[in-house]
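Note sheet for the following structure.
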Amino acid sequence: MTGADERWGFETRQIHAGEIIDAEAFARITPVYQTAGYLFEDFDDGVERFAGRSARRAYSRNDNPTNLVAAWRLADLEGGVDGILVASGQAAIAAALFAVASAGDHILTTRSLYEGTREMFRGALRRQGLEFEAVDALAPTSEWLERIRPNTKAIYTESIPNPLGDVVDLEKLADVSARAGVPLVVDNTVATPYLCRPLEWGADVVVHSTSKWLAGHGAVIGGAIIDGGRFDWEAHADRFPQLARSGPYGPDPFTQRFGAAALGAYLRSVIVLEYGPTVPPSSTFLLLHGIETLSLRMQRHVANAERIAAELVGHPALAAVHYPGLAGSPHRPTAKKYLPDGAGSIIAIDLAAGRAAARTFLDELRLVSQMTHIGDVRSLAIHTGSTIHAKLEEHERLSLGITPGLVRLSIGLERVDDILRDLVRALDLVIAARPRTSAGDEG
Ligand SMILES: Cc1ncc(COP(=O)(O)O)c(C=O)c1O
C-alpha cells in the first residue's frame with residue numbers, strides 16, 4: 001500500500017491515504033480508469049504480467065487503479081495491510097468466506113445479523129456446502145469454544161448488527177477465535193471505521209457494504225474486504241492449506257510470497273480473479289468522493305440519531321426504541337466501549353399496535369423516504385417484517401426480535417428538527433387513527 005504518513009489523523013487519511021498520482025497528467029483527483037485491460041508493450045511484457053513478475057497490470061477484473069486507491073484507503077482507515085474492492089457488500093461477505101472455507105466446512109456466527117447475510121448463509125452458501133451455526137452473542141466464551149469443530153474456519157459477526165443495534169463484545173469473540181485458531185470476520189458496515197475499527201479489538205478480517213455510509217450518497221453499490229494481516233495462517237496450515245501450503249497456484253505458499261498480506265493476495269489473485277465480482281471503477285470514483293467526508297458525515301449522523309432516539313422514547317405509539325446509544329439501552333455498555341464516538345445512525349422503533357400501525361406510520365411520512373437501504377444522506381424507513389424479513393415464519397421473526405410493529409430508521413443528514421417533526425407527526429397520526437375501544441376513549 002502507498003501514501004499514508006503514520007502521523008496523519010483519520011480526517012487526513014480519508015482524503016489522502018492510498019492515492020496514486022498518475023505520471024502522465026498529474027490529475028489531483030483519482031481518475032476513473034474505465035478500461036477492461038492494459039496494453040502490453042510486447043510479447044514478453046504480457047508473459048511477465050500474467051506470471052505476476054511485473055508491477056504492471058494484466059486485467060481490470062481484479063486489478064484497476066481506481067479500485068485500488070479506494071481499497072488501500074479503506075485498508076488504511078481500518079488499520080489493515082490490504083484491501084480488495086468488490087461489487088457489493090454481499091459479494092464482500094461471500095468472497096471473504098470463500099477465501100477461508102470450502103465445501104464441508106463450518107462457520108460460527110452471531111445470531112443477530114443483517115437478514116440478507118443470514119439468508120445467504122442459509123441459502124446460497126449452504127447449497128455450496130458451507131454449514132453455518134448461530135450462537136447468541138451474549139453466550140459465555142466457554143459455550144462459543146464448545147461449538148468450535150475441527151472443520152470450523154471462521155467466526156462471523158457485525159460490529160453494530162442491523163437492525164437492532166445489539167452491539168457485540170468484539171474482544172470476547174476475538175479471544176474465542178484466537179483460542180480456536182480461526183479468523184474473526186467482522187462486518188463493519190453500520191459503524192464504519194470512523195466509529196469502530198474491529199482490527200484494533202482483535203478481529204482478523206473486516207468486510208463492508210460500501211453502498212452505505214462509506215459512499216453516503218446512495219448512488220452506488222459496492223463492497224470491500226480488509227485483511228488485518230495478523231492472523232497466523234502458517235500456525236494453522238492444516239486448516240488453511242490454500243494459504244499456507246503449496247498448491248495449484250505455485251510451489252510457494254501465499255504466506256511465503258506475501259507474508260502478513262497472504263489473505264489479501266489470495267482474495268485478489270484467486271477469489272476475485274476467478275469468481276469475478278468486479279465493481280465498476282465509475283462507482284468507485286463516487287465512493288472515493290464519499291469517503292473524503294466520512295468523518296464529518298458520521299458526526300452529524302450520530303448527532304441526529306442521538307437526538308431523535310432520545311425524543312422518540314416515551315411516544316405513546318411506541319412500545320420500544322432500539323438504539324445502542326440510548327441511556328436505557330441494554331447495549332449501552334458495549335456501545336460505550338466499542339463506539340466511544342457514537343453508536344451509528346440506525347434506530348429501530350417498535351410500533352405498539354403492530355403491523356397496521358407501522359403501515360399508517362410509514363404511509364404518513366413526508367420527508368423520510370420509505371425504501372430499503374441504509375447510510376444515506378437522506379433519512380430512510382422500512383417495515384422489515386414485511387420486506388427484508390418477509391420470507392421468515394412469524395415465530396422465526398419473533399425469535400430474532402423482529403416484532404410485528406418494527407420499523408428500521410436510517411437517520412440522514414437533513415436538519416434534525418425537520419426529520420423529527422416528520423417522524424412525530426406520523427406517530428401522532430398513528431395514535432389518532434387508533435380504534436377507540438374503551439368508554440373513556442369514546443368520550
Ligand atoms: C450490515 C450489512 N452488511 C451487508 C449488506 C449488503 O450490502 P450490499 O447491499 O452492498 O450488497 C447490508 C445491506 O443492507 C448490510 O446492512
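Quick notes
- Qualifying residue in region 60-68 (condition: part of a loop (DSSP other than H, G, I, E, B), within 16 Å of the ligand (Cβ to nearest atom) and open to solvent by 30 Å² or more (accessible area, probe 1.4 Å)): no
- Annotation note: Cβ proximity below 7 Å between a residue of region 281-307 that is under 23 Å from Val321 (Cβ atoms) and a residue that is part of a helix (DSSP H, G or I) (sequence gap 6+ or interchain) occurs for Met298/Thr192; Met298/Tyr194; Met298/Leu195; Asn304/Val416; Asn304/Ile419; Arg307/Val416.
For (1) farther than 20 Å from Ala357 by Cα; (2) surrounded by 23 or more Cβ atoms within 10 Å (Cβ to Cβ); (3) out of contact with any Pro (no Cβ under 8 Å at 6 or more places or on another chain), each residue gets a yes or a no:
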| residue | (1), (2), (3) |
| --- | --- |
| Ser369 | no, no, yes |
| Ser379 | no, yes, yes |
| Ile382 | no, no, yes |
| Ser386 | no, no, yes |
| Lys391 | yes, no, yes |
| Glu396 | yes, no, yes |
| Gly401 | no, no, yes |
| Pro404 | no, no, yes |
| Gly412 | yes, yes, yes |
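- Considering residues of region 174-196 that are assigned to a helix (DSSP H, G or I) and away from the ligand (no atom under 16 Å from the Cβ) only, the residue most open to solvent (accessible area, probe 1.4 Å): Arg179
- Single residue of Arg397, Arg425 found to be among the charged types (D, E, K, R) and either touching a Gly at 6+ places or on another chain (Cβ under 8 Å) or under 23 Å from Ala215 (Cβ atoms) (or both): Arg397
- For the residues Gly290, Gly314, the requirement of being out of contact with any Phe, Trp or Tyr (no Cβ under 6 Å at 6 or more places or on another chain) and on the phi > 0 side of the Ramachandran plot singles out Gly314.
- Neighbours by Cβ (under 7 Å, 6+ apart or cross-chain): first from region 31-43, in the same structural domain as Ile20 (by TED's automatic domain parsing) and closer than 17 Å to Asn62 by Cβ; second open to solvent by 70 Å² or more (accessible area, probe 1.4 Å) and not β-branched (Val, Ile, Thr): none
- Arg56 of a type in the set (Lys, Arg) and more than 18 Å from the chain's Cα centre (by Cα): yes
- Cβ pairs under 8 Å, 6+ apart, first in region 356-378 and farther than 20 Å from Leu413 by Cα, second of a type outside the set (S, T, N, Q) and assigned to a loop (DSSP other than H, G, I, E, B): Ala357/Ala317; Ala357/Gly405; Ala357/Arg434; Ala358/Pro404; Ala358/Gly405; Phe361/Ala317
- Answer from Gly223, Gly229 - the residue that is within 19 Å of Leu97 (Cβ to Cβ), of a type in the set (Gly, Ala, Ser), within 11 Å of the ligand (Cβ to nearest atom) and touching a helix residue (DSSP H, G or I) at 6+ places or on another chain (Cβ under 9 Å): Gly223
- When Ile388 is tested against (1) under 30 Å from Gly9 (Cα atoms); (2) out of contact with any His (no Cβ under 9 Å at 6 or more places or on another chain); (3) assigned to a loop (DSSP other than H, G, I, E, B), only condition (1) is not met.
- Pair list, Cβ under 6 Å, 6 or more apart: region 333-347 residue open to solvent by 10 Å² or more (accessible area, probe 1.4 Å) and in a helix (DSSP H, G or I), other residue at pLDDT 95 or above and among the aliphatic types (A, V, I, L, M): Thr334/Val167
- Meets criteria (within 16 Å of the ligand (Cβ to nearest atom), at pLDDT 95 or above and assigned to a helix (DSSP H, G or I)) for Ser283: yes
- Tally, over region 197-220, of residues that are within 9 Å of the ligand (Cβ to nearest atom) and of a type in the set (Phe, Trp, Tyr): 0
- Within region 69-100, considering residues that are assigned to a loop (DSSP other than H, G, I, E, B) and surrounded by fewer than 24 Cβ atoms within 10 Å (Cβ to Cβ), the one nearest to the ligand (Cβ to nearest atom): Ser88
- The one condition from (1) touching a Phe, Trp or Tyr at 6+ places or on another chain (Cβ under 9 Å); (2) open to solvent by less than 40 Å² (accessible area, probe 1.4 Å); (3) in the same structural domain as Gly79 (by TED's automatic domain parsing) that Ile20 does not meet is (2).
The values are calculated or read from the model by the stated rules, or taken from the named source; none is laboratory data. Not measured: the values here are computed from a predicted model. Neighbour counts are summed over all protein chains in view; Cβ atoms, including those assigned to glycine, are modelled from backbone coordinates with ideal geometry. Accessible surface areas use protein heavy atoms only, side chains included; no ligands, DNA or RNA. Shrake-Rupley method; radii C 1.70, N 1.55, O 1.52, S 1.80 Å.
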